[in-house]
Amino acid sequence: MIVLGIESTAHTFGISLLDAKKKKILCNLRDLYTTEKGGMVPNKVADHHEEICDELLRKAFDETKLSMKDVDLIAFSNAPGLGHALKIGSIFSRTLAMTHNKPLVGVNHCIAHLEVASLVSKAKDPVLLYCSGANTQVIAYDGGKYRIFGETLDIGIGNFIDTFARKLGLGFPGGPHVEKLASKGKKYLPLLYSVKGMDVAFSGLLTHLERKYIGKGKEKKEDVAFSVQETVFAMLIEVAERAMAHCEKNELVLGGGVACNKRLQEMAEIMCKDRKAKCYIPENGLLVDNAAMIAWTGFLMHTKGGITHDPKTLTIDPYERTDDVEVRWR
Ligand code: ATP
Ligand code: FE2
């Protein structure tokens, strides 16, 4: 069964072709909206996606020697995300479904980050530590839904790292730059550690860093970056571990761009080893926003949950919460 996956919740436009029964990713293409300076301008992101969508689909078919005839199901991320970006994916996917008379499924992007674990590993019922630019959540299945057990109370971990990097004069995205700098640091500076119940917060730490360290010349940049990583990653691992204990689950999966960070991966592995749990870390291309995870989740929803959406009426939902979704495919 060939599933065409389409991702467009934020700056990434992605197309994937997946042989779902064989669990084989035939292609997983991405094209990113980038800027020289500043953040994302929503209508510019939409322009980017609109310009690239046909070309990327053609490339996917060229690479795989498949065509629309071979596609059995279309899955696209219809929630949550940037309204402008979501709309392009929605129009593109619904038009394809109607023109070629293919079944269609709308997928929640955050849930797809969790479900992808079962595409590439033996994970059965993991807790997801989802650390991306905009999102920071600990998600697990409980009582018929994917529930959020902890999340950021202010900004996402990636946005925090990117802002910190900008203040240090490093480029965007800041994550890889900060990781490189931190690998040269040795001295741990005690920083604000903000875990509130099962939630985390980062903006107080940004202020703390600005007041005490950034541009003050007192400590080496390497040590500040090292201490920042140690502190914020410990916060995330603490909350993830507590969710695993509370839910009595013994599998962890990482998701989101920040999960590409080797130190975060190492801390996750140490924590899992300590509690005799399994730690699943998909390859980078499946950690960041991608269409293969959308295709796989769409396949599960359609085949196991009997879910098909009407392309004429399916809407986007920029604010859909993970626990708004009725999980009928497990
Ligand atoms: P979402 O829409 O799901 O919130 P996103 O659009 O922010 O995702 P992602 O690709 O999941 O996109 O994550 C991007 C973030 O990942 C950026 O903030 C970037 O700095 C961060 N990042 C990438 N590589 C690393 C790394 N090695 N270490 C830390 N952070 C990283
Ligand atoms: Fe994401």
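When residues in the stretch 248-266 are screened for being open to solvent by less than 30 Å² (accessible area, probe 1.4 Å) and more than 20 Å from residue 160 (Cβ to Cβ), 4 of them pass. Considering 219, 230, 283, 241, the condition of being in contact (Cβ under 8 Å) with a residue 12 or more places away in the chain, within 30 Å of residue 72 (Cβ to Cβ) and surrounded by fewer than 23 Cβ atoms within 10 Å (Cβ to Cβ) is satisfied by 283 alone. Only residues that are touching a residue at least 12 places away in the same chain (Cβ under 8 Å) and more than 15 Å from ligand 2 (Cβ to nearest atom) were counted across the stretch 162-175, and they come to 7. All conditions in (1) open to solvent by 20 Å² or more (accessible area, probe 1.4 Å); (2) modelled with pLDDT of 95 or more; (3) over 24 Å from the mean Cα position of the chain (by Cα) hold for residue 209, with the sole exception of (1).
One line per residue, one yes/no per condition, for (1) within 15 Å of ligand 1 (Cβ to nearest atom); (2) open to solvent by less than 50 Å² (accessible area, probe 1.4 Å); (3) under 22 Å from residue 134 (Cβ atoms); (4) out of contact with any Phe, Trp or Tyr (no Cβ under 7 Å at 6 or more places or on another chain):
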{"residue": "24", "(1), (2), (3), (4)": "no, no, no, yes"}
{"residue": "33", "(1), (2), (3), (4)": "yes, yes, yes, yes"}
{"residue": "50", "(1), (2), (3), (4)": "no, no, yes, yes"}
{"residue": "81", "(1), (2), (3), (4)": "yes, yes, yes, yes"}
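Residue-level check: of (1) over 30 Å from residue 163 (Cα atoms); (2) open to solvent by 10 Å² or more (accessible area, probe 1.4 Å), residue 17 misses just (2). Scan the stretch 5-47 for residues that are without any contact (Cβ under 8 Å) to a residue 60 or more places away in the chain and within 20 Å of residue 292 (Cα to Cα) and the total you get is 9. Out of all the residues in the stretch 47-67, is one or more more than 22 Å from the chain's Cα centre (by Cα) and among the polar types (S, T, N, Q)? Yes; the residues of the stretch 47-67 include at least one that is more than 22 Å from the chain's Cα centre (by Cα) and among the polar types (S, T, N, Q). Residue count for the stretch 303-323 under the criterion of being under 24 Å from residue 143 (Cα atoms) and open to solvent by 90 Å² or more (accessible area, probe 1.4 Å): the result is 3. Filtered by the rule that a residue be closer than 22 Å to residue 19 by Cβ, open to solvent by 10 Å² or more (accessible area, probe 1.4 Å) and within 14 Å of ligand 2 (Cβ to nearest atom), the stretch 116-144 gives no residues.
The values are calculated or read from the model by the stated rules, or taken from the named source; none is laboratory data. This is a predicted model, so every value here is computed, not measured. Using ideal geometry, Cβ is built from the backbone for each residue, glycine included, and neighbour counts are taken over all protein chains shown. For the accessible areas, the whole protein counts, side chains as well, though only heavy atoms, and no ligand, DNA or RNA atoms are used. Shrake-Rupley method; radii C 1.70, N 1.55, O 1.52, S 1.80 Å.
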